[in-house]
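**Q** Below you will find the structure I want to go over with you.
The values are calculated or read from the model by the stated rules, or taken from the named source; none is laboratory data. As the structure is a computational prediction, the values presented were derived from the model and not from experiment. When we count neighbours, we look across all protein chains shown, and the Cβ atoms used for this are built from the backbone with ideal geometry, even at glycine.
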Amino acid sequence: MKLNVKRTILVGIAFMTISSFWQLYDFAIPLMLKNDLGASDTFSGVIMSLDNILALFLLPFFGALSDKTMTKIGKRMPFIIGGTITTVIGMLALPFFADQKNLILFIVALGVVLICVATYRSPAVALMPDVTMKPLRSKGNAIINLMGAIGGVVALAGLTLLDPTEIGYYPVFLLIAGFMTLGLVVMIVTIKENQWAKEMADDTKSFGVEEIEEDETTQELPKEVKRSLAFILLSISLWFMGYNAVISAFSRYATIQIGLEGSQASAILLVANVGAIISFIPVGQISSKIGRKKTIIAGVILLAVVFFTAGLYSSFNPLMYVNFVLAGTAWAAINVNSLPMVLEMAKAGDVGKYTGLYYTFSMSAQIITPILSGVLFDLIGYEILFPYATLFVALAMVTMSQVKHGDTTVSQYEN
């Protein structure tokens, strides 16, 4: 039983380009709202939650819809192609309306872009498990997350070299639009979705990989499996409450609270991505040996410690780079294994549906956290950011301890 690395890299291109867009979004949109459009932190928090509000409904819908779709190019590729093209076109309107100081048209354009992204996010993520057997999905997801981190590095490198606070937003938006277009072209040329999915189904049977059996009476998951599913979904919500608060607010925290330059703030986030990049593959290997749950809990503990200590800095300190490298490592341990644990409880035909379910809970948290943290910033100040993040990550450790299903190792299927 061996992962097809080349194939996994190719299907991961979609997630890589999406991640580059979200990194640009998380860094640039709050600055546009505050500096160019004069929005308050509370209002900015509401706007920053729009993608999650839309995703709460659209990601499960398009994930399930792609499960039922069948074309000559596959289930997921039609959504990836259409979604990427419309996103690239729409995102280039955002710098224009920010320059024009037109808040209403900026929000309308942003809403259109977020809808376009939502149409293909679940199908893009579901593509890897479609072509990868269940025991190999942590290793596969390690590569997918590595691709996502590379996308984030591309965006952050662009933000560092083409600092929008110095030269405007057009150059970096054009860079990411071009990156997304190039990735799509590579996918169209190389991916054979239907053929690869059939090969995976045949391999699953030959290795005797077990599927979750639904209760014959209720046609639902067994009660104990549903309990584990509920607790891991709750855990996902909690650690996203903490992590997303830091990622979406760090550009403001860094420049306003501790007096960093915009390029310094993006460089610190860049090293977090570097930390994740160097950790994804080792984390995938470790989790395939010791199990997904133990790896996640170790990552949650490390992330809580990192966020707590990051809040102790009152000005720039080189140790901040150490904090964020370790934050990247911790987030890798969590992210590599959480989606595969959810999908371990899904039948082969429900991968898009359960991917959407994963995003429902992660996005629900990300709807709440920008608004809640924004209110706290207005009432208390940016110094509350890291204590806030630490609390929610610590709570995730408690709920994760109650998850009893979704774990597996490759050795179970090796003779």
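**Q** Can you tell me which residue among 322, 398 is free of Cβ contacts under 8 Å to residues at least 24 places away in the same chain and either touching a Leu at 6+ places or on another chain (Cβ under 9 Å) or surrounded by 23 or more Cβ atoms within 10 Å (Cβ to Cβ) (or both)?
**A** 398
**Q** A follow-up question, please. I'd like to check something: does segment 73-96 contain any residue that is assigned to a helix (DSSP H, G or I), free of Cβ contacts under 8 Å to residues at least 40 places away in the same chain, in contact with a Cys (Cβ under 7 Å, 6 or more places away or on another chain) and β-branched (Val, Ile, Thr)?
**A** yes
**Q** So is residue 265 among the hydrophobic types (A, V, I, L, M, F, W, C), more than 21 Å from residue 28 (Cα to Cα) and part of a helix (DSSP H, G or I) or not?
**A** Criteria not met by residue 265.
**Q** Just checking, which of 21, 62, 27 is within 23 Å of residue 354 (Cβ to Cβ), under 19 Å from the mean Cα position of the chain (by Cα) and part of a helix (DSSP H, G or I)?
**A** Values: 21 fails: within 23 Å of residue 354 (Cβ to Cβ); 27 fails: within 23 Å of residue 354 (Cβ to Cβ).
None of the other options fit; the residue is 62.
**Q** Name the residue that is surrounded by the fewest Cβ atoms within 10 Å (Cβ to Cβ), counting only residues in segment 21-67 that are at pLDDT below 90 and hydroxyl-bearing (Ser, Thr, Tyr).
**A** For segment 21-67, the residue satisfying everything is 40.
**Q** Which condition number in (1) under 25 Å from residue 61 (Cα atoms); (2) in contact (Cβ under 8 Å) with a residue 24 or more places away in the chain is the one that residue 149 fails?
**A** The failed condition is (1).
**Q** When segment 292-303 is examined, which residues are found to be under 16 Å from residue 398 (Cβ atoms) and crowded, with 24+ Cβ neighbours inside 10 Å?
**A** Within segment 292-303, 296, 299, 300, 303 meet the criteria.
**Q** Need the failing condition index for residue 72 against (1) at pLDDT below 95; (2) surrounded by 17 or more Cβ atoms within 10 Å (Cβ to Cβ), just the number.
**A** (2)
**Q** Just a yes or no: is a residue in segment 304-319 in contact with a helix residue (DSSP H, G or I) (Cβ under 9 Å, 6 or more places away or on another chain), closer than 19 Å to residue 399 by Cβ and surrounded by 24 or more Cβ atoms within 10 Å (Cβ to Cβ)?
**A** Scanning segment 304-319, I find at least one residue that is in contact with a helix residue (DSSP H, G or I) (Cβ under 9 Å, 6 or more places away or on another chain), closer than 19 Å to residue 399 by Cβ and surrounded by 24 or more Cβ atoms within 10 Å (Cβ to Cβ), so the answer is yes.
**Q** Can you give me the number of residues within segment 217-272 that are in contact with an Asp or Glu (Cβ under 8 Å, 6 or more places away or on another chain), of a type in the set (Ser, Thr, Tyr) and surrounded by fewer than 21 Cβ atoms within 10 Å (Cβ to Cβ)?
**A** Looking only at that region, the number is 2.
**Q** Hey, another quick one. Could you give every pair whose Cβ atoms fall below 7 Å, whose first residue belongs to segment 98-112 and is touching a residue at least 60 places away in the same chain (Cβ under 8 Å) and over 17 Å from residue 164 (Cβ atoms), and whose second residue is of a type outside the set (Ser, Thr, Tyr) and part of a loop (DSSP other than H, G, I, E, B), counting only separations of at least 6 or pairs across chains?
**A** 103/37
**Q** Next up: Take residue 204 and tell me if it is modelled with pLDDT under 85, farther than 30 Å from residue 262 by Cα, of a type in the set (Ser, Thr, Tyr) and surrounded by 13 or more Cβ atoms within 10 Å (Cβ to Cβ).
**A** Taking the combined requirement at face value, the residue satisfies it.
**Q** Is it the case that segment 310-329 has a residue that's of a type in the set (Gly, Ala, Ser), under 24 Å from residue 147 (Cβ atoms) and part of a helix (DSSP H, G or I)?
**A** yes
**Q** Give, as residue ranges, the helices (runs of 4 or more DSSP H) completely inside segment 109-211 that count at least 2 residues that are farther than 16 Å from residue 77 by Cβ and touching a Gly at 6+ places or on another chain (Cβ under 9 Å).
**A** Where helices (runs of 4 or more DSSP H) fall fully within segment 109-211 and carry at least 2 residues being farther than 16 Å from residue 77 by Cβ and touching a Gly at 6+ places or on another chain (Cβ under 9 Å), they are 137-161, 164-167, 170-190.
**Q** Being modelled with pLDDT of 85 or more and closer than 25 Å to residue 261 by Cα: is that true of residue 4 here?
**A** no
**Q** Can residue 299 be described as small (Gly, Ala, Ser), within 18 Å of residue 408 (Cβ to Cβ) and assigned to a helix (DSSP H, G or I)? It would help to see each step written out before you state the result.
**A** Numbers: small (Gly, Ala, Ser): yes; within 18 Å of residue 408 (Cβ to Cβ): yes; assigned to a helix (DSSP H, G or I): yes.
Considered against the rule, which asks whether it is small (Gly, Ala, Ser), within 18 Å of residue 408 (Cβ to Cβ) and assigned to a helix (DSSP H, G or I), residue 299 comes out as yes.
**Q** Specify the residue that is surrounded by the most Cβ atoms within 10 Å (Cβ to Cβ); the eligible residues are those in segment 382-395 that are in contact (Cβ under 8 Å) with a residue 40 or more places away in the chain and among the β-branched types (Val, Ile, Thr).
**A** 393
**Q** Taking the condition touching a residue at least 60 places away in the same chain (Cβ under 8 Å) and either outside any helix (DSSP H, G or I) or closer than 18 Å to residue 360 by Cα (or both), does residue 14 pass?
**A** Here the answer is no, as residue 14 does not meet what is asked.
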